[in-house]
Amino acid sequence: MAERKKPLRKCIGCNEMKDKRTLVRIVRNKEGEISVDFTGKKPGRGAYICKDVACLDQAQKAKRIERAFSTKIEPEIYDEIRRELSE
């Protein structure tokens, strides 16, 4: 039996292609709220990041999350994402 392909996604922090299951999805819904999606099933626009705070710092410094969602992101949201990743 042939082995199935593993879905790959690019981390917006370190720009490496990794297995989708090892990454965390950050979602912006229709109301513009940004949240962390550990299940990968929330509706909305998604961006993937490693479960590492260093990748989040790189993404924040280069404003990659803002570019991915085409919106301004407040520092409180970054703090919330950082807190959820560190758990």
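Residue-by-condition table, conditions (1) modelled with pLDDT under 95; (2) more than 18 Å from E87 (Cα to Cα); (3) among the basic types (K, R):
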position: R4; (1), (2), (3): yes, yes, yes
position: L8; (1), (2), (3): no, yes, no
position: D37; (1), (2), (3): yes, no, no
position: G40; (1), (2), (3): yes, no, no
- [ ] Would you check if S35 is hydroxyl-bearing (S, T, Y), free of Cβ contacts under 8 Å to residues at least 60 places away in the same chain and touching a strand residue (DSSP E or B) at 6+ places or on another chain (Cβ under 6 Å)?
- [x] yes
Task: Checklist (1) surrounded by 14 or more Cβ atoms within 10 Å (Cβ to Cβ); (2) of a type in the set (D, E, K, R); (3) part of a loop (DSSP other than H, G, I, E, B) applied to K6, failing item - done: (1)
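Residues that are among the β-branched types (V, I, T): list the strands (runs of 3 or more DSSP E) wholly contained in region 16-75 that include at least 2 such residues. Before you say what the answer is, go through the steps one by one.
Values: elements: 17-19, 24-28, 34-37, 45-49.
Those strands (runs of 3 or more DSSP E) span 24-28, 34-37.
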TODO: Enumerate the pairs (first residue in region 76-87 and at pLDDT below 90; second residue anywhere and part of a helix (DSSP H, G or I) and surrounded by 10 or more Cβ atoms within 10 Å (Cβ to Cβ)) with beta-carbon separation below 8 Å, excluding pairs fewer than 6 apart on the same chain, so at least 6 apart or on different chains.
DONE: L85/V53; L85/L56; S86/V53
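The values are calculated or read from the model by the stated rules, or taken from the named source; none is laboratory data. Keep in mind that this is a model prediction, so the values were computed, not measured. Virtual Cβ from ideal backbone geometry, glycine too; neighbours counted across all protein chains shown.
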